[in-house]
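First comes the structure, then the notes that go with it.
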Amino acid sequence: MHSTTQSGRTEWHESAGHAVAHLKDALKKDRDWPTAFFEAMALWTLPVETHQGRTYRYLIGGEAFDWLVLAERLCEEISGQIPQQEIEDLLFAGRLPESFDIERIQGLLGVDRYRGYLNFYYGVTVEEALQLANELEVLKRNTSNGILFVTDASEQAYTRLYRDSGSALLARFRLEIGSAAEADSISVGESREFTYWLFKYRLKSTDKSRIASDTRKGLQMLEHMKSTTGRTASRSGAGANP
């Protein structure tokens, strides 16, 4: 592999190449691509990679495995070998073919990688759904009070969840990680990192009963989204339900 890591550790290259080689070989043998993908992910050990000028961060906060970013990276290596619609369903909706049993994911990824997969699911996917649920509650409450136009519903939702505004929390997050990102813009990758940071922040500042209630609310929102759109996606392209 010709990619480089931020740490410059060359031993990672061999594992990435091995993962890609395994994926290509599996597809040549006409194995189902979801199985091949998750097997390749289990072999992939790069936490972060710069490839063709773009930085891919596969591990968020050192704990959450962003399998969708890795899926996108792997798709670059096998262009044209998977139906385009299935690629779009995967990358934009986190949706796998119905023929694939998602209960197999744990066995394919292995214990440690699956733990990271769950961290991403609850820390990013469910957390985003929880944010959306609270935003909708804010809109509903304001509508019932005769307020038809709400320009800061997302900020109100952040305050309800995290006891501070989204802008203030983002500034705190960036200060904590030493980010030099533009104040008025945020990338998809940084958004996921920020969401996971918010998830950890909420766990530290909220009592257990409220945490359990919020988790149920986020899961219910995901189920609602799935039933109304046929997708398992959140706003960032959520993962398949574990």
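The values are calculated or read from the model by the stated rules, or taken from the named source; none is laboratory data. Everything numeric in this text was worked out from a predicted model, so none of it was measured. Cβ atoms come from the backbone with ideal geometry, glycine included; neighbour counts cover every protein chain shown.
Kindly indicate whether residue 130 is of a type outside the set (Phe, Trp, Tyr) and not assigned by TED's automatic domain parsing to the domain that holds residue 196.
Details: of a type outside the set (Phe, Trp, Tyr): yes; not assigned by TED's automatic domain parsing to the domain that holds residue 196: no.
Against the criterion (of a type outside the set (Phe, Trp, Tyr) and not assigned by TED's automatic domain parsing to the domain that holds residue 196), residue 130 does not qualify.
Looking only at the stretch 12-27, decide whether some residue is at pLDDT below 90 and buried (at least 21 other Cβ atoms within 10 Å of the Cβ).
yes
Inspect all residues belonging to the stretch 174-185 and state whether any of them is in contact with a Lys or Arg (Cβ under 9 Å, 6 or more places away or on another chain) and under 23 Å from residue 95 (Cβ atoms).
No - not one qualifying residue is present in the stretch 174-185.
Out of curiosity, is residue 53 closer than 30 Å to residue 178 by Cβ and surrounded by fewer than 18 Cβ atoms within 10 Å (Cβ to Cβ)?
Spelling it out, residue 53 is indeed closer than 30 Å to residue 178 by Cβ and surrounded by fewer than 18 Cβ atoms within 10 Å (Cβ to Cβ).
Residue check, residue 38 against (1) at pLDDT below 95; (2) crowded, with 18+ Cβ neighbours inside 10 Å; (3) farther than 27 Å from residue 177 by Cα, all met but one. Which one?
(1)
Only one residue in 191, 179 is part of a helix (DSSP H, G or I), surrounded by 13 or more Cβ atoms within 10 Å (Cβ to Cβ) and among the hydroxyl-bearing types (Ser, Thr, Tyr). Which one?
Numbers: 179 fails: part of a helix (DSSP H, G or I).
It is 191.
Could you tell me which of the residues 82, 78, 60 is at pLDDT 90 or above, closer than 23 Å to residue 188 by Cβ and either out of contact with any Leu (no Cβ under 9 Å at 6 or more places or on another chain) or among the small types (Gly, Ala, Ser) (or both)?
Being at pLDDT 90 or above, closer than 23 Å to residue 188 by Cβ and either out of contact with any Leu (no Cβ under 9 Å at 6 or more places or on another chain) or among the small types (Gly, Ala, Ser) (or both) holds for just one of 82, 78, 60, which is 60.
Taking the condition of being basic (Lys, Arg) and touching a His at 6+ places or on another chain (Cβ under 9 Å), how many residues in the stretch 46-74 meet it?
1
State all residues of the stretch 118-134 that are touching a helix residue (DSSP H, G or I) at 6+ places or on another chain (Cβ under 6 Å) and over 10 Å from residue 221 (Cβ atoms); if no residue qualifies, say none.
123, 124, 127
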